[in-house]
2 protein chains.
Amino acid sequence: MYRTHTCGELRIADINKEITLAGWIQRIRDFGGMSFIDLRDRYGITQLVVDENTDKTIVEQLEELGREFVIQAKGLVRERSSKNTKIPTGEIEIALTEIKVLSPSEVPPFTIQDDTDGGDDLRMKYRYLDLRRNVVRKNLVLRSKMAHAVRTYLNAQDFIETETPVLIKSTPEGARDFVVPSRMNPGEFYALPQSPQTFKQLLMVAGFDRYYQIVKCFRDEDLRADRQPEFTQIDCEMSFVDQKDVLNMFEGLTKYMFKETLNVDVDDFPWMPYSEAIEKYGSDKPDTRFEMLINNITDLVKGNNFVVFDSAEYVGAICAKGCADYSRKQLDGLTKWVQRPQIGAKGLVYVKCNKDGSFKSSVDKFYSQDDLKVWAEKVDAKAGDLILVMSGEKDHIQGAIGELRLEMGNQLGLRDKNIFKPLWVVDFPLLEWDEESQRFHAMHHPFTSPKVEDIKLMDTEPGKVRANAYDLVINGVEIGGGSVRIFDSELQAKMFKLLGFTKEEAQAQFGFLMNAFKYGAPPHAGIAFGFDRLVSLFAGLDTIRDVIAFPKNNAGRDIMIDSPSVIAEAQLEELNLKLDLKEKE
Amino acid sequence: MYRTHTCGELRIADINKEITLAGWIQRIRDFGGMSFIDLRDRYGITQLVVDENTDKTIVEQLEELGREFVIQAKGLVRERSSKNTKIPTGEIEIALTEIKVLSPSEVPPFTIQDDTDGGDDLRMKYRYLDLRRNVVRKNLVLRSKMAHAVRTYLNAQDFIETETPVLIKSTPEGARDFVVPSRMNPGEFYALPQSPQTFKQLLMVAGFDRYYQIVKCFRDEDLRADRQPEFTQIDCEMSFVDQKDVLNMFEGLTKYMFKETLNVDVDDFPWMPYSEAIEKYGSDKPDTRFEMLINNITDLVKGNNFVVFDSAEYVGAICAKGCADYSRKQLDGLTKWVQRPQIGAKGLVYVKCNKDGSFKSSVDKFYSQDDLKVWAEKVDAKAGDLILVMSGEKDHIQGAIGELRLEMGNQLGLRDKNIFKPLWVVDFPLLEWDEESQRFHAMHHPFTSPKVEDIKLMDTEPGKVRANAYDLVINGVEIGGGSVRIFDSELQAKMFKLLGFTKEEAQAQFGFLMNAFKYGAPPHAGIAFGFDRLVSLFAGLDTIRDVIAFPKNNAGRDIMIDSPSVIAEAQLEELNLKLDLKEKE
């Protein structure tokens, strides 16, 4: 036995106990005749003391010790004369009677503390040392707790956790599938799943009724800052349910997670139609922690010879509370911010609602005080507020002013990471028009069902058909999404026709699931949560990388193990493959 | 809402309730004026009734219905006149008031019943229909329950469930790694993990203290009957522990699983040294549900001019209780059984211990009644028992007679699937000699630590060094295995030398973990359970295939989705690969 207690366990009640601890040396402080060792393990830090009464051999041993050495320490628990109220073990210390070095350490490449001196790359290369830092490890502990909360909740609701295959079939549209050559089947490949969608629908056909899985999924795509080639989903499906049943179930799950892991109570989740989210927030993932809603003032601004507004399809405005005193420099800053390529606006119009009731705007030449007063009333701006106005093509400007809204939320400190505002965004369009291919694409996927009352529009105005599709959005982050599936083969055929598939194409791409549906498919619906993103949100982080034990970088490389890497010629040969590297130009 | 209750829920207390059910039609029985529909879902079967009082439209609808149609049924719960005590809903039936077909079904390719008429291949091709069968689905439900029991227990013990990467690095010895070409890193490959061994040891270096994961692992090898290219492990590792700590922890876990999922109490697990297992059971995974131990009678049988025994390195015997009346045909059968290539013995000697105290053997020519009496005493054979004797090269015959012992256990009905006898096999040899390469191989893996008291033998008699390695064996099945790891770099260097590695080779193959160990590695130990096999054992099945939702066949193919398959030329090109298929000869 290496220890009687952990380094986070001893309290004042343990005084006079002879104990054994084991852990890493966080630091050694030498005050001449007296030395203190902070001994650290996952559970905490305990102070070990060497003083004039300590055995001389221990005093000598101290010389050999250094940071990150793993030691076993025996001693007597005693009360500290000067207590540390910041740590749970701060009332006691250990008078050492024996020390044994279990494992020495070289000087680590960066300090193992909350505020480390190590840069990102160094910490990734030595991830196993980075993970020793409390601030990093606690995210992984949270992840583990959240996973268990998910399972406890869903198991209690009779969900069957079912593992679906990782080695599956590549699909024609799966250009972003990772593939795996099969040695036993020369010339053939497995694919890694981008999601277990087909399998979970098959489990519904199989009568599993309620399925879930916390599962790795894979996508071989260019990685944006916050994507990983392998990522984790909470994947769920239910039978004999409608949209309300599904949202209730997973609202319950989400609330349970908040309560169990953060002890946070959240309100019932509002349902917001997609159209409202776009109109008021300029986004299908609205951050509802703060108001500052977008107002459509297009009708108010026309006909004053301001050609920018007169020619604009859409003019939108937000009201930034208490910002009338923004300086020239701040306003110029905002203009530059919206002109960045990511936002792509031509400019920004402002109206300051002065304390005295007057208005000062960048378009005073075209609009009278009365005109501006009408704007102010429309956007509910009071004296002291700042109105920001953007104009142009509707879809673009709604998104752009939505981004500006978020930026103003940041500037005004309205996006508190300790406040959580979940909502359901519902009634997504079934289809989106793709300019390039000049045809409709499924917004969610081809098995998503249209709203019953909109089915008649499928023939006449397919772009207006709303789907039984929903997203869970929390604090402006899309945490999950799903839909009620089509389980009627006639409706499915109609859907494929809308998407421009011939019968043969539909059969080739989706025939497999369609065939299963011939044998009695129950009505079913499901959802998938991005688990990495959910943990990251709960942990108050901006990136998913810190909630993954061993993440990859933006090039898909694990720089710790230096992967991917070349493989032996013999192995390629066994797989019936040859490299075919393009020459660099 | 599609249903008010499930098909397994209604009881006598629900009489007179108006309810709605939804499910699959199991069968329809038509008795002229009266018809019964068995409606099935995951939770049970409920009987729906159409009689003279039922609305005529429903009677007409009946004509359209068939097996496996999905319907919604409304009606009134009433008491059955003739109760079915075999099912929980057998006291009630539903007087139908409305039926709606949710989804019709073609005639399924096999009957969806416990005793189906579908052959293996057909059932695999239509796995989603096979999974509708109660006998198949209940194994998956058990699997889900067992997984949750594992997690509940380990989370309560402060284990952190941590996901390790699926896209890792191929290792030189990893000839059986599945590899994944990286599009973003031309010419380079990821590998899929055969186990998360390295990562879990790194998590110990990272101070995680207690790690577990239920995780998919992958092996691209020729598949024996009961192997799958992707399989699931319960993977665990602990720090600051010795062998006893680890075995106690996972004995606790195993007992918890038995209690939680089967409501079975198992005794404390005996620890059996590897040498004893081989000697008494002829196997390192002894089935201890029955005795019939192997006895070494080599010394007793020499010098009687029976050249077979005189020339044998080893002669072993088992005693089959009450089998003295085995017929000539039965004995010939056993001889043929041991002569099969799988066993490879030359022959089998028997001694019948007759009721009258005399002996009748196949070697009466060489051994007197007194000689045979000595044998009988040695193997504790009484009147009425049968002694079976095999001889030859020791390692081979110990294994062979161990197999014979299992076969006799089968014949005598001693291997009851409802009895569970777990034990720890401990003290495995550290090394095994490989004739082909003329060097030692690590029996477990190169990081397994030798027993402290045997370290001195490493220089002199390395083959005799025992390891801190252990297997969990239940009913003759190896369920899990692990070891206390080396965390001392000097001992590790010695181990590599024994295994015939140069320093450079050791660095190239294992440098990565060795480097991590330089920064303070804690003593650590771990175990991995074969989860598929464990579930299969709990379910009383002989194969792991039936505890996997979508298994692959012996050629590694999923015949349901027809995978693996060819991929498009364009995709290969993007991956910088060319097929290099050998011509068939």
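The values are calculated or read from the model by the stated rules, or taken from the named source; none is laboratory data. Model, not experiment: these values are computed from the prediction. Counting neighbours? That spans all protein chains shown, and the Cβs are built from the backbone with ideal geometry, glycine included. Quick note on the areas: whole protein, heavy atoms, side chains included, nothing else; ligands and nucleic acids left out. Shrake-Rupley method; radii C 1.70, N 1.55, O 1.52, S 1.80 Å.
When you scan the stretch B:191-201, do you find a residue that is without any contact (Cβ under 8 Å) to a residue 12 or more places away in the chain and either open to solvent by 10 Å² or more (accessible area, probe 1.4 Å) or not in a strand (DSSP E or B) (or both), even just one?
No, because not a single residue in the stretch B:191-201 is without any contact (Cβ under 8 Å) to a residue 12 or more places away in the chain and either open to solvent by 10 Å² or more (accessible area, probe 1.4 Å) or not in a strand (DSSP E or B) (or both).
Only residues that are at pLDDT 95 or above and open to solvent by less than 10 Å² (accessible area, probe 1.4 Å) were counted across the stretch A:166-177, and they come to 1. Does the stretch A:271-280 contain any residue that is touching a Lys or Arg at 6+ places or on another chain (Cβ under 9 Å) and in a loop (DSSP other than H, G, I, E, B)? For the stretch A:271-280, residues touching a Lys or Arg at 6+ places or on another chain (Cβ under 9 Å) and in a loop (DSSP other than H, G, I, E, B): absent. Within the stretch B:299-316, not a single residue is open to solvent by 30 Å² or more (accessible area, probe 1.4 Å) and under 21 Å from B:ASN410 (Cβ atoms).
A quick yes/no check of all residues on (1) within 10 Å of chain A (Cβ to nearest Cβ); (2) buried (at least 24 other Cβ atoms within 10 Å of the Cβ); (3) of a type outside the set (Val, Ile, Thr):
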| position | (1), (2), (3) |
| --- | --- |
| B:VAL205 | yes, yes, no |
| B:TYR211 | yes, yes, yes |
| B:VAL215 | yes, no, no |
| B:PHE218 | yes, no, yes |
| B:GLU221 | yes, no, yes |
| B:ARG227 | no, no, yes |
| B:ASP235 | no, yes, yes |
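Within the stretch B:348-367, the set of residues being out of contact with any strand residue (DSSP E or B) (no Cβ under 7 Å at 6 or more places or on another chain) and surrounded by 14 or more Cβ atoms within 10 Å (Cβ to Cβ) comprises just one member, B:PHE366. Restricting the stretch B:188-200 to residues that are more than 9 Å from every other protein chain (Cβ to nearest Cβ) and polar (S, T, N, Q) leaves a set whose member that is nearest to A:ARG183 (Cα to Cα) is B:GLN194.
Yes/no per residue for (1) in contact (Cβ under 8 Å) with a residue 60 or more places away in the chain; (2) among the acidic types (Asp, Glu):
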| residue | (1), (2) |
| --- | --- |
| A:LEU96 | no, no |
| A:PRO108 | no, no |
| A:ASP120 | no, yes |
| A:TYR128 | yes, no |
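From the list B:GLU64, B:GLU68, B:GLU52, B:GLU60, which residue is over 30 Å from B:ASP562 (Cα atoms), of a type in the set (D, E, K, R), within 14 Å of another protein chain (Cβ to nearest Cβ) and not in a strand (DSSP E or B)? So that I can check it myself, show each step before the final result.
Working: B:GLU68 fails: over 30 Å from B:ASP562 (Cα atoms); B:GLU52 fails: within 14 Å of another protein chain (Cβ to nearest Cβ); B:GLU60 fails: within 14 Å of another protein chain (Cβ to nearest Cβ).
After applying the criteria, what remains is B:GLU64.
Scanning the stretch A:414-452 for residues that are more than 22 Å from A:ARG466 (Cβ to Cβ) and either among the aliphatic types (A, V, I, L, M) or open to solvent by less than 60 Å² (accessible area, probe 1.4 Å) (or both) yields A:LEU414, A:ILE419, A:PHE420, A:SER437. In the stretch A:257-278, the residues that are without any contact (Cβ under 8 Å) to a residue 12 or more places away in the chain form Cβ pairs under 7 Å with partners that are in a helix (DSSP H, G or I), at six or more places apart or across chains, as follows: A:ASP265/A:LYS259.
Screening B:VAL425 on (1) part of a loop (DSSP other than H, G, I, E, B); (2) among the β-branched types (Val, Ile, Thr); (3) closer than 14 Å to B:TYR274 by Cα shows it passes everything except condition (1).
When the criteria are applied in full, A:ALA549 meets the requirement of being among the aliphatic types (A, V, I, L, M) and at the interface with chain B (Cβ under 8 Å from one of its Cβ atoms). Please indicate, with yes or no, whether at least one residue in the stretch A:492-506 is buried (at least 16 other Cβ atoms within 10 Å of the Cβ), within 14 Å of chain B (Cβ to nearest Cβ), closer than 29 Å to B:GLN72 by Cα and not hydrophobic (A, V, I, L, M, F, W, C). Within the stretch A:492-506, one or more residues are buried (at least 16 other Cβ atoms within 10 Å of the Cβ), within 14 Å of chain B (Cβ to nearest Cβ), closer than 29 Å to B:GLN72 by Cα and not hydrophobic (A, V, I, L, M, F, W, C). I need every pair where a residue in the stretch A:1-24 that is within 17 Å of B:ASP209 (Cβ to Cβ) has its Cβ under 8 Å from the Cβ of a residue that is open to solvent by 20 Å² or more (accessible area, probe 1.4 Å) and at pLDDT below 95, sequence separation at least 6 or different chains. Close Cβ pairs satisfying both conditions: A:THR20/A:MET1.
State whether one or more residues within the stretch B:137-151 are in contact (Cβ under 8 Å) with a residue 40 or more places away in the chain, within 8 Å of another protein chain (Cβ to nearest Cβ) and assigned to a loop (DSSP other than H, G, I, E, B). Looking through the stretch B:137-151, none of the residues is in contact (Cβ under 8 Å) with a residue 40 or more places away in the chain, within 8 Å of another protein chain (Cβ to nearest Cβ) and assigned to a loop (DSSP other than H, G, I, E, B).
Out of the strands (runs of 3 or more DSSP E) lying entirely within the stretch A:434-484, which hold 2 or more residues that are within 19 Å of the chain's Cα centre (by Cα) and of a type outside the set (S, T, N, Q)?
Hits in the stretch A:434-484: A:469-474, A:477-484.
Return the residues of the stretch B:75-89 that are within 26 Å of B:LEU129 (Cβ to Cβ) and touching a residue at least 40 places away in the same chain (Cβ under 8 Å); say none if nothing qualifies. Hits for the stretch B:75-89 are B:ILE87, B:PRO88, B:THR89. In the stretch B:332-343, the residues that are in the same structural domain as B:LEU386 (by TED's automatic domain parsing) reach residues that are of a type in the set (Lys, Arg) with C-beta atoms within less than 8 angstrom, at least six apart or across chains, in these pairs: B:GLN339/B:LYS346.
Selection over the stretch B:213-241 of residues that are in a loop (DSSP other than H, G, I, E, B), of a type outside the set (S, T, N, Q) and on the phi < 0 side of the Ramachandran plot gives a count of 11.
Summed over the stretch B:552-574, the residues that are more than 7 Å from chain A (Cβ to nearest Cβ) and open to solvent by less than 10 Å² (accessible area, probe 1.4 Å) give a count of 2.
Take the conditions (1) among the β-branched types (Val, Ile, Thr); (2) open to solvent by less than 40 Å² (accessible area, probe 1.4 Å); (3) within 23 Å of B:PRO522 (Cα to Cα); (4) away from chain B (no Cβ under 14 Å); A:ILE92 misses just one of them, which is (3). Take the conditions assigned to a strand (DSSP E or B) and open to solvent by 90 Å² or more (accessible area, probe 1.4 Å) and apply them to A:LYS100. Does it pass? Criteria met by A:LYS100.
Listed here are the residues, each with its yes/no results for (1) over 30 Å from B:PRO462 (Cβ atoms); (2) of a type outside the set (A, V, I, L, M, F, W, C); (3) in the same structural domain as B:PHE189 (by TED's automatic domain parsing).
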| position | (1), (2), (3) |
| --- | --- |
| B:ASP488 | no, yes, yes |
| B:PHE496 | no, no, yes |
| B:GLU504 | no, yes, yes |
| B:LEU541 | yes, no, yes |
| B:ASN553 | yes, yes, no |
| B:SER565 | yes, yes, no |
| B:GLN571 | yes, yes, no |
| B:LYS582 | yes, yes, no |
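Annotation note: of A:ASN155, A:ASN185, the sole residue that is farther than 28 Å from A:ARG545 by Cβ, at pLDDT below 95 and within 8 Å of another protein chain (Cβ to nearest Cβ) is A:ASN185. Residues in the stretch B:1-41 that are part of a loop (DSSP other than H, G, I, E, B), under 17 Å from B:LYS86 (Cα atoms) and within 14 Å of chain A (Cβ to nearest Cβ): B:CYS7, B:GLY8, B:GLU9.
Only residues that are more than 11 Å from B:ASP14 (Cβ to Cβ) and either of a type in the set (A, V, I, L, M, F, W, C) or out of contact with any strand residue (DSSP E or B) (no Cβ under 8 Å at 6 or more places or on another chain) (or both) were counted across the stretch B:91-103, and they come to 5.
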